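The values are calculated or read from the model by the stated rules, or taken from the named source; none is laboratory data. This structure is a prediction, so every number in the text was calculated from the model and none was measured. Cβ placement follows ideal geometry from the backbone for every residue including glycine, while neighbour counts extend to all protein chains displayed. What goes into the accessible areas is simple: the full protein's heavy atoms, side chains included, and nothing from ligands, DNA or RNA. Shrake-Rupley method; radii C 1.70, N 1.55, O 1.52, S 1.80 Å.
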Amino acid sequence: WNRERVSIRALAGFLAPTGRFTPGASDNVGSGYWTPTLSSGQTVHLTPSQSLSLSTFALYEWHTTQEGTGTKPGGTINVDYSLVRSFGFAQGARRLQLGFAGYLQRQTTAKTGPEITAEQSRERYAINAMGVASNLAFPKQGASLGLKVLKEFANRASYQGYSFQLSGSVTF
């Protein structure tokens, strides 16, 4: 849904249990469970020229029971957000976005399973991060390249560090 200064997207999907998964193995590359998802992205242009934008993207995950273990990971919500300023240059052939970005992740329901203790079931992870974001768009070529550098803070029941995200897209 698009309006002059607001855009909203809604999606439903799933993550498939691709990749090798063997219960108890230390070299698994797959999760061993399906993950149905619902998500939504919103952008609000704060200026009439659309040069200052606030965006959010939220994804909720439900996890099925893990193959071979009987463990069911708790549900999670993930929220990404950004406040960016856009600059056009090279006669509109390129557009640069710079600004602040962050994310949060929360485990919303209990992890359960035959080998999960009551304490482990009660524990919920929380992850927080803030930092800078940039994106360089090439509208005529239908391509873009993005970079985010974020520092995690006040995490609970999770590792804490830095997040470096590089992204690219090409429209066909």
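Descriptive notes on the structure:
- Once the chain from Arg3 to Thr65 is taken as fully extended at 0.36 nm per residue, the excess over their C-alpha distance is 18.3 nm.
- Working note: 222 nm ellipticity from helices only, DSSP H runs with n ≥ 4, each -39,500 (n - 2.57), summed and divided by the residues of the chain, gives -500 deg cm²/dmol to the nearest 500.
- Relative contact order (percent, whole number), the stretch 1-75, Cα cutoff 8 Å, 6+ residue spacing: 28 percent
- Annotation: amide H-H contacts under 5 Å for Thr71 (H modelled 1.01 Å from N, sequence separation of 5 or more, or interchain): Gln66.
- Pair Arg156, Trp34: separation of 7 Å Cα→Cβ label points (nm): 3.2 nm
- Alpha-carbon spread of the stretch 1-131, three principal axes, descending order, Å: 60, 29, 28
- Pair Leu166, Glu123: separation of 7 Å Cα→Cβ label points (nm): 3.3 nm
- Of the accessible area of the stretch 1-76, computed with a 1.4 Å probe over protein heavy atoms only, carbon and sulfur atoms account for 60 percent.
- In the stretch 42-126, Cα pairs under 8 Å separated by at least six residues give a relative contact order of 25 percent.
- Heavy atoms of Ile116 accessible to a 1.4 Å probe, total area in Å² rounded to 10: 40 Å²
- The stretch 102-156 - percent of accessible surface contributed by carbon and sulfur, probe 1.4 Å: 58 percent
- The residues of the chain expose on average 65 square angstrom of accessible surface per residue, using a 1.4 Å probe on protein heavy atoms.
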